[in-house]
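Take a look at the structure below.
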Amino acid sequence: MCRHTLNSLVPLVSVAVPSFAIDQLTKWLVERYIQQGSWYVIIDGILNLRHDRNSGAAFGIMPGQNLLLIGITVVAIGFIFFYYRQFQTNLWMRIALGFLLGGALGNFVDRLRLGEVVDFLQIGIQKAGLWWPTFNVADISICIGAGMLIIHLIRTRGEHENSNPSDG
């Protein structure tokens, strides 16, 4: 691999590796110190650390479909690398794809290792009985990457609408 190719991977690796490492470290701590189904109050009525498992995708949809979700993740990782090459001069998108990769790998490892994903962050408003489904650092990373991707699409929408197909 040439030096230029290695240098072009710096944004991806600089975001994906820490995202993945923090995700795996926090999940390991939760597995080690919080019994499954138990929780610790961090901010009363708003934030808990709660050891949950999710055998499905986001919000628990498609429960028990581990092999399908592993396959979807492999395809998603392939798309991340494909699109990373398409954005050689766009640091914003390279960072966004780094967040997506780090998060995808974090949940992918859980699915391979456990057959489900470890979730542990629970936020909500207890007085109103409203709780968001538990999530993890990988989920946060994926949301950041997806948000950055949406911002990029909104910011560049006019460029694509006004471009002439014959220019290209």
*asked:* Being surrounded by 14 or more Cβ atoms within 10 Å (Cβ to Cβ) and at pLDDT below 95 is true for just one of 93, 62. Which residue is that?
replied: 62
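Pull up the range 15-35, narrow it to residues that are among the charged types (D, E, K, R) and surrounded by fewer than 18 Cβ atoms within 10 Å (Cβ to Cβ), then point me to the one that is farthest from residue 94 (Cα to Cα).
Looking only at the range 15-35, we keep the residues that are among the charged types (D, E, K, R), and these are 23, 27, 31-32.
Checking the rest, the ones that are also surrounded by fewer than 18 Cβ atoms within 10 Å (Cβ to Cβ) come to 31-32.
Numbers: 31: 32, 32: 34 Å.
The qualifying residue farthest from residue 94 (Cα to Cα) is 32.
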_Residue in the range 111-130 that is touching a Phe, Trp or Tyr at 6+ places or on another chain (Cβ under 7 Å), touching a residue at least 12 places away in the same chain (Cβ under 8 Å), of a type in the set (Val, Ile, Thr) and surrounded by 15 or more Cβ atoms within 10 Å (Cβ to Cβ) present_ = yes
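Residue-by-condition table, conditions (1) in a helix (DSSP H, G or I); (2) at pLDDT 95 or above; (3) small (Gly, Ala, Ser); (4) over 16 Å from residue 21 (Cα atoms):
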position: 56; (1), (2), (3), (4): no, no, yes, yes
position: 67; (1), (2), (3), (4): yes, no, no, yes
position: 75; (1), (2), (3), (4): yes, yes, no, yes
position: 89; (1), (2), (3), (4): no, no, no, yes
position: 127; (1), (2), (3), (4): yes, no, no, yes
*Tell me, please, whether a residue that is part of a helix (DSSP H, G or I), free of Cβ contacts under 8 Å to residues at least 40 places away in the same chain and surrounded by fewer than 13 Cβ atoms within 10 Å (Cβ to Cβ) can be found in the range 98-106.*
no
*Give the residues of the range 133-162 that are crowded, with 18+ Cβ neighbours inside 10 Å and either among the polar types (S, T, N, Q) or modelled with pLDDT under 95 (or both), sorted by residue number.*
134, 136, 141
*Is there any pair linking a residue in the range 19-43 that is aliphatic (A, V, I, L, M) to one that is surrounded by 13 or more Cβ atoms within 10 Å (Cβ to Cβ) and assigned to a helix (DSSP H, G or I), with Cβ under 8 Å and at least six apart or on different chains, and which?*
22/137
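The values are calculated or read from the model by the stated rules, or taken from the named source; none is laboratory data. The structure displayed is predicted, hence computed values, not measured ones. When we count neighbours, we look across all protein chains shown, and the Cβ atoms used for this are built from the backbone with ideal geometry, even at glycine.
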